[in-house]
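Let me begin by presenting the structure, written as structure tokens, before commenting on it.
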Amino acid sequence: LDPNYNRTLRLTARQRTCTTCYRRFVVDENTEGCCRYHPGRYIHDDNRCICMGSIRQERPKIDSEMAQHLRKRMLQTNGKLTSSLTIIVRRGLYCNFVYTCCGSGDARAVGCVAGKHTWRHSK
């Protein structure tokens, strides 16, 4: 039997998923700076995109789709993306995206802001 078994059970019981960065963390170890995130949105980049604005009317839909895709992937990967994200807008047409807060075009970029993890408290 593992000598750390009881400690592991206690830590697992106190784990939560951060509502900001989607990483799992232990509540007692939640310190300032352990949550890295982008406060801005990850949206279509008009300046770098090869679509050259041909999808301008579809932008709100595309930005919303990317936000859902990003959130889903962050939850699946415990907040650690292993590959960049793309959305095929039309056959063979990929769009570039950028964070509005820091200008990073890579969805995997480390968050530009640090703080404490947040979570939903059970009632």
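Brief remarks on what is shown
- All conditions in (1) open to solvent by less than 60 Å² (accessible area, probe 1.4 Å); (2) assigned to a loop (DSSP other than H, G, I, E, B); (3) modelled with pLDDT of 70 or more; (4) of a type outside the set (D, E, K, R) hold for Thr31, with the sole exception of (1).
- Residue within region 68-84 that is β-branched (Val, Ile, Thr), loosely packed, with under 13 Cβ neighbours inside 10 Å, farther than 19 Å from Tyr22 by Cα and at pLDDT below 80 present: no
- Restricting attention to region 34-60 and to residues that are surrounded by fewer than 10 Cβ atoms within 10 Å (Cβ to Cβ) and closer than 20 Å to Gly103 by Cβ, the residue that is modelled with the lowest pLDDT turns out to be Met52.
- Every pair of residues 6+ apart whose Cβ atoms lie under 6 Å, when the first sits in region 43-56 and is assigned to a loop (DSSP other than H, G, I, E, B) while the second is at pLDDT below 70 and loosely packed, with under 15 Cβ neighbours inside 10 Å: Cys51/Leu93
- Residues that are under 21 Å from Lys72 (Cα atoms) and open to solvent by 80 Å² or more (accessible area, probe 1.4 Å), drawn from region 14-28: Arg16, Arg23, Arg24
The values are calculated or read from the model by the stated rules, or taken from the named source; none is laboratory data. As the structure is a prediction and not an experimental result, all values here were calculated from the model. Backbone-built Cβ (ideal geometry, glycine too); neighbour counts: all protein chains shown. Remember, those area values only see protein heavy atoms, side chains included, never the ligands or the DNA or RNA. Shrake-Rupley method; radii C 1.70, N 1.55, O 1.52, S 1.80 Å.
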